[in-house]
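Note sheet for the following structure.
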Amino acid sequence: MIATDRLADGKLLTLPPEAGDVNAPRFEPNPDWLRSASAVEQKTAMWRWFATRYEELDADAPRDERSGMVLADKTLHQRFDACVPRAVVDQLVHSLRAEAGNEWALKGLDEFGG
């Protein structure tokens, strides 16, 4: 998995409690907090949201397993354009594409012990 600091301007950032329950198996950021957060905090929260739901697509995965893949750019813009400036979402998308590509697979809940 990609380290957060590689996606958030080289800074390792701990989200504050008002950002949402960072210990939840699938992080859901508080939209009010997200709107007022700094760009680095927004990218960190968006990445945590994304990383708790999706994983890098295995390049050797059989074709039938690729049917469940998602595109990072579309997924992030659909989820966050309403509360994060598009340019900030674009920065995270650019970093994700550079690090691991745009195709990602949905994580199963069993990966969280649930």
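A Cβ distance below 6 Å, combined with a sequence gap of six or more or placement on separate chains, defines the contacts here; from segment 17-41, residues that are farther than 18 Å from A51 by Cβ reach residues that are part of a loop (DSSP other than H, G, I, E, B) in the pairs P31/C83; R35/C83. In segment 15-114, counting only strands (runs of 3 or more DSSP E) that sit wholly within it, the ones holding 1 or more residues that are modelled with pLDDT under 95, open to solvent by 70 Å² or more (accessible area, probe 1.4 Å) and touching a helix residue (DSSP H, G or I) at 6+ places or on another chain (Cβ under 7 Å) span 54-56, 103-106.
The values are calculated or read from the model by the stated rules, or taken from the named source; none is laboratory data. Just so you know, these numbers come straight off a predicted model, no measurement behind them. Cβ coordinates were reconstructed from backbone atoms using ideal geometry, including for glycine residues, and neighbour counts include every protein chain displayed. Note: accessible area is taken over every heavy atom of the protein model, side chains too, but ligands, DNA and RNA are not part of it. Shrake-Rupley method; radii C 1.70, N 1.55, O 1.52, S 1.80 Å.
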